[in-house]
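> This is the structure, below, for whatever I ask next.
The values are calculated or read from the model by the stated rules, or taken from the named source; none is laboratory data. For clarity, every value in this text was computed on a predicted model and none was experimentally measured. Heads up, the Cβs are rebuilt from the backbone with ideal geometry, glycines too, and the neighbour counts pull from every protein chain shown.
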Amino acid sequence: MTMAEAIESFVPDGATVALGTALEPLIPFAAGHEMIRQGRRDLDLVGPISDALFDQLIGAGCVRRITAAWVGNVSEGLGHCYRRATESGLPRSLEVHDHTNFSIALALWAAAWNVPSLPARTLLGSDIVGTNPNLTTADGLVHIGAVHPDVAVIHVQRADALGRAHAWGPLGITEEAGLAAQRVVITCEELVDASVTLSDPNRILFPETKVVAVVHEPGGAHPSPVQGYFKRDHSFYRNYAAASRTSEGFDSWLKRWVFEVANRAAYMKGIDADTLRVKGSAPSVPANFADE
Amino acid sequence: MSDRDYTAQELMVAVASREISDGDLVFVGMRLPILAYAVARNNHAPNARGLFEVGLMRDLPAMSYLGTMGDPPNVAGALWATRMSNLMALMAQGLVDLGFIGGAEVDRFGNLNTSYVGPPSKPRVKLPGSGGAADIAILSRRWVTLMSHERRRLVDRVSFVTSPGHGDGTRGWRRRNGLLGTGPAAIVTTMCVFRFPEGGGEAYLDSIHPGYTLAEVRENTGWPMEPVGDVKETPAPTVSELSVMRALQKSDGGTTGV
């Protein structure tokens, strides 16, 4: 399936969408950019920290609500579009459901386990509890209400056409986001044969029954890093931070990197992909899954 | 500071590193705390381990530039790559000895604000949010915050408590409210080190960095500060502390933050 088809089919206006669940690596920027190109509106974005992608979707006017622990630009600081939306209502106002990294994980586990909430000690004594209607204090614990994504978009190193996805490196809140979501859309660096994914079933992230689309999208996480495939493009984040300081600067950035590129393949022509591509090789030792 | 052979940040890193004991499990952050962790590992805490909330445990810090804790050099050589909630489980069990937290604003009771300046419904400045900071503040056994010493950052009371320190400053506030750890152990600034009385309360001035005066610290602190007893001079970074942080800076092109 192409990215355009996957977003058209599975990310409607008003959807609750989990993105960037591995924190700084494996961020599905290509999927986010396609949502912007298709003019999605009223999304509720769910994530732990968001390194620049939420900021871009907010600046493009796609977002009604943020449900996250942190929104900004990790190596550069504040998210300028996030600031404009929350401080001045530009390009539109935004509802914010603040979380911590732990509480958003628990909110997704609650949804995954089909319970209304999970109790925790985190957030005790924090004013975040008073700002987010899904957090309540009772019996000396904070009860973290379930967050139910309609769809989780997950970028991985490799997947097969039937939705078995392999990711490696730190996973952040990827597993709970996928289990909590009604549907999972996988975007991958490499589309591989099922013999590859099934050779290591421990590494498969989600039950294939949750996965509704697999999009082969090399470079789809740029500028975020993909272990074994792409380094992080630090200067791209720096340039985005500088450009997005003003609405006009952000609009030009969006034009150059989203509206004027038809798809990810066209986008990749604009970056120095060869320098960013990982050349080294340090494979893990295979595990023996012999059938005896 | 021009007559000294180290920067204010290098001194902060040295002070922070001395908070790490051998064998500690440390919730590390980015930039200065990574350097502090590296200094401790190389000097007095060879058995410390570091956690990165993205989902990593490490022994030795990565020796190349990291834009974020999830960068590939931080993953290669990890002791554990996992989901974030597994690390939070360790912290919820009281097994994380020390955390580092950055902040935009800290108050006299060690509460941190990284969420809103002005009312949350119509903020004057929207800061990025907690990330894992509130989790560390509430669940780790003790924590340290590092901050540039400016009057607008060291305020009497933060308007929004993202990450609680000692709350309203009354003794035992954390225990009464169910928070797990002992809270902020120190605020390390570019001018001085504040510490807190056991059981909670108001920050007191513990030491002033070489080259600064009590008057300067007072002038740049947003609460009326009365030193309790003798204020020491912060020990300068040692040659060996400086050599570790400079080696790391050199290996990563000097971009880790000092």
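> So, in segment A:176-196, of the ones that are surrounded by fewer than 22 Cβ atoms within 10 Å (Cβ to Cβ) and assigned to a helix (DSSP H, G or I), which residue ends up nearest to the other protein chains (Cβ to nearest Cβ)?
In this case the residue turns out to be A:179.
> Just name the residue that is farthest from the other protein chains (Cβ to nearest Cβ) out of those in segment A:121-144 that are part of a helix (DSSP H, G or I) and among the hydrophobic types (A, V, I, L, M, F, W, C). Let's see the steps before the verdict.
Keep residues of segment A:121-144 that are part of a helix (DSSP H, G or I), which gives A:128-131.
Right, trim to among the hydrophobic types (A, V, I, L, M, F, W, C) and you get A:128-129.
Working: A:128: 6, A:129: 10 Å.
Filtering segment A:121-144 for residues that are part of a helix (DSSP H, G or I) and among the hydrophobic types (A, V, I, L, M, F, W, C), the one farthest from the other protein chains (Cβ to nearest Cβ) comes out as A:129.
> Answer yes if at least one residue in segment A:133-146 is under 30 Å from residue B:120 (Cβ atoms) and hydroxyl-bearing (Ser, Thr, Tyr), and no otherwise. Let's see the steps before the verdict.
Filtering segment A:133-146 down to residues under 30 Å from residue B:120 (Cβ atoms) leaves A:133-146.
Next cut, hydroxyl-bearing (Ser, Thr, Tyr) only: A:136-137.
Checked segment A:133-146: at least one residue is under 30 Å from residue B:120 (Cβ atoms) and hydroxyl-bearing (Ser, Thr, Tyr).
> Could you check, for segment B:169-181, whether at least one of its residues is free of Cβ contacts under 8 Å to residues at least 60 places away in the same chain, touching a strand residue (DSSP E or B) at 6+ places or on another chain (Cβ under 7 Å), in a loop (DSSP other than H, G, I, E, B) and small (Gly, Ala, Ser)?
Scanning segment B:169-181 turns up no residue that is free of Cβ contacts under 8 Å to residues at least 60 places away in the same chain, touching a strand residue (DSSP E or B) at 6+ places or on another chain (Cβ under 7 Å), in a loop (DSSP other than H, G, I, E, B) and small (Gly, Ala, Ser).
> If you go through segment B:16-33 one residue at a time, do you hit one that is among the hydrophobic types (A, V, I, L, M, F, W, C), modelled with pLDDT of 95 or more and part of a helix (DSSP H, G or I)?
Yes, there is a match, as at least one residue in segment B:16-33 is among the hydrophobic types (A, V, I, L, M, F, W, C), modelled with pLDDT of 95 or more and part of a helix (DSSP H, G or I).
> Step by step: first the residues of segment A:197-229, then only those that are of a type in the set (Gly, Ala, Ser) and within 13 Å of the chain's Cα centre (by Cα), then the one that is farthest from the other protein chains (Cβ to nearest Cβ). Which residue is that? Reasoning before the result, please.
Here is the first cut: in segment A:197-229, the residues of a type in the set (Gly, Ala, Ser) are A:199, A:213, A:219-221, A:224, A:228.
From the residues that got through so far, the ones that are within 13 Å of the chain's Cα centre (by Cα) too are A:220-221, A:224.
Values: A:220: 16, A:221: 11, A:224: 8 Å.
The residue in question is A:220.
> Any residue in segment A:97-114 that is over 17 Å from residue B:139 (Cβ atoms) sitting within a Cβ distance under 9 Å of a residue that is of a type in the set (Lys, Arg) and surrounded by fewer than 24 Cβ atoms within 10 Å (Cβ to Cβ)? List the pairs, counting only those 6 or more apart or interchain.
A:97/A:65
> Specify the residue that is nearest to the other protein chains (Cβ to nearest Cβ); the eligible residues are those in segment A:79-91 that are surrounded by fewer than 24 Cβ atoms within 10 Å (Cβ to Cβ), out of contact with any helix residue (DSSP H, G or I) (no Cβ under 8 Å at 6 or more places or on another chain) and of a type outside the set (Lys, Arg). Break it down stepwise before answering.
Going through segment A:79-91, the residues surrounded by fewer than 24 Cβ atoms within 10 Å (Cβ to Cβ) turn out to be A:83-84, A:87-91.
Okay, now just the ones that are also out of contact with any helix residue (DSSP H, G or I) (no Cβ under 8 Å at 6 or more places or on another chain), so A:83, A:87-89.
Retained after the next criterion (residues that are of a type outside the set (Lys, Arg)): A:87-89.
Values: A:87: 6, A:88: 10, A:89: 9 Å.
Looking at the filtered set, the residue picked out is A:87.
> If residue B:97 meets every condition in (1) without any contact (Cβ under 8 Å) to a residue 60 or more places away in the chain; (2) closer than 23 Å to residue A:124 by Cβ; (3) in contact with an Asp or Glu (Cβ under 9 Å, 6 or more places away or on another chain) apart from one, which number is that one?
(1) is the only condition that residue B:97 fails.
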